[in-house]
Every structure is written in structure tokens, then in C-alpha cells.
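Trainee: Structure below; questions to follow.
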């Protein structure tokens, strides 16, 4: 595997990743379908000091013996190189596409195939399922932010951290909504925020100064979520009509 995106990895992390792939091939043998990197390393924006290495492992059989055979390698990779794997069974991909549409879209659109094949390439995902998942994630974020705002009265600095986390978590749903509505640009966080600010005519400059101005950043995040929720509701009404 000579994908140039892997060059962003520190040497020790890349070595652990390759050793994990070897262990997966030895443990699952012919039942290993594919090992793919997704997330920030595949998309761009990977930070060696802060980012996890997101890995999806697709297998034909997930019996306990197979999982135990690779358990040690998975644990070592997680602790030594921040490699965060998920294990999926091939026969469940299509049936689960309705409940994981954004995750599957993310993997399908930006990935690095380390071993085997890419079983996400021909996966069909419906816009209706995308919309439902987008709305769920946006509304959940809005609900959780209310609690954060209330609790920050005793620890004001927690507000900045909460907004930063929500901003990172909402990049995917907001980009998915922008794609659904036809105004998507690049999928990095800054581009997504810029596209949403233009589409919804919002002042979101506070989101660029979260640590320095957490109150303004919180208010900007609320405005963004409220506008996006209203937009995704509009999509739902269009579907009904």
C-alpha cells in the first residue's frame, strides 16, 4: 500500500497499522474481506498529535474464535497508535445502510484500502435515510448543548471545550445536509461552516474563536444548528408533499 495519505502518519503509527493488517489476515484468513482507513486520515486534516486512525474491518464470519485470535493485536494497536477499529460483517452492510447512512457514506467516499477489497463501493444509500440520520444528529447536538450551557455556570471553561467537540461532531451531518441540499463544497470543517454561513446567511465568525470567545462561539453554534434543523425539516416536508 503506497497511498501518499499514509505519509501523514508518524513512522511508529504506520508500522503498528501494517502489523495489525498482518495480524488480521492471519486471524481471519479467507474470511477477511477488506481493511480500510476512513475519517480524517482519508479525508485530510489528520493531526498526528490529536487524531485517531479510524479503521473499518469487514469480515465474512465474526465468530468468537476469530475475534479472540485478533483481540491482542487490536488492543495493542489502539493503545500504541490510537488506531480505532470497527468490525463489520459483510452480510450486514446492505441491511444496516438505513441506520448508518452517514458513516457508510463517509467510508465510501473517502477511504484507503489497506488489504482486500472495498465492499462499500457499490452500496446503495437512500436520501430518506440520510435525512433522518442528519436530523437525529442535529437535534441531539442541540439538546446536549442546552445542558452544557446550564452546567457551565460553575465551570465556564467547559463551554469552549463542548463547542469544539460539537463542531467536530457536526462536520459530517452538516456536510451531508449541504450535499443533500446542493450547496456542499469541500468536506473539511472550515469549508462546511463557510458553506452553511453563506447558505443560511449567518454570522458564524464566533466559531473561529472558540477558546477566546466561548460565549460568542456557543451562540454561533446554536444559530447554526437551529438553521440546519429548520432546513432538514423543510426537506422532510418536501418528501411528504
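Bear in mind these aren't lab numbers, they're just calculated from the coordinates by the rules spelled out. Given the structure is predicted, the values throughout are model-derived calculations rather than measurements.
Trainee: Can you tell me, using C-alpha contacts under 8 Å and at least 6 residues apart, the relative contact order of the range 118-241 as a whole percent?
Mentor: Once divided by the residue count of the range 118-241, the mean separation gives 28 percent.
Trainee: Please report, to two decimal places, log10 I(q)/I(0) for the range 100-160 at q = 0.16, 0.17, 0.20 Å⁻¹ as given by the Debye formula with identical point scatterers on the Cα atoms and no solvent.
Mentor: Taking Cα atoms of the range 100-160 as identical point scatterers yields -0.68, -0.71, -0.79.
Trainee: For the range 65-147, just say rounded, prolate or oblate: build the C-alpha gyration tensor, square-root its eigenvalues into a ≥ b ≥ c, call rounded for a/c under 1.5, and beyond that prolate if a/b exceeds b/c, oblate if not.
Mentor: oblate
Trainee: Nearest 10 degrees, 0 to 90: what angle lies between the long axis of helix 158-181 and the longest principal axis of the chain (Cα atoms)?
Mentor: 80 degrees
Trainee: Shape of the chain from its Cα gyration tensor (a ≥ b ≥ c, root eigenvalues): rounded if a/c is under 1.5, otherwise prolate when a/b > b/c, or oblate?
Mentor: prolate
Trainee: Sticking with this one: Relative to the longest principal axis of the C-alpha atoms of the chain, give the angle of the C-alpha long axis of helix 127-151, reported between 0 and 90° and rounded to the nearest 10°.
Mentor: 60 degrees
Trainee: What does the C-alpha gyration tensor say about the overall shape of the range 1-137? Classify as rounded when a/c is under 1.5, otherwise prolate if a/b is larger than b/c, or oblate.
Mentor: Since a/c reaches 1.5 but b/c is at least a/b, the shape of the range 1-137 is classed as oblate.
Trainee: Determine the percent antiparallel among the DSSP beta bridges restricted to the range 4-116, to the nearest 5.
Mentor: 60 percent
Trainee: Apply the Kirkwood formula to the range 127-240: the hydrodynamic radius equals the inverse of the mean of 1/r over all pairs of different alpha-carbon atoms; give it in Å with one decimal.
Mentor: Result for the range 127-240 stands at 14.2 Å.
Trainee: Now for a different question. Once the Cα atoms of helix 189-200 and of the chain are each reduced to a long axis, what angle between those two axes, in degrees from 0 to 90 to the nearest 10, is obtained?
Mentor: 40 degrees
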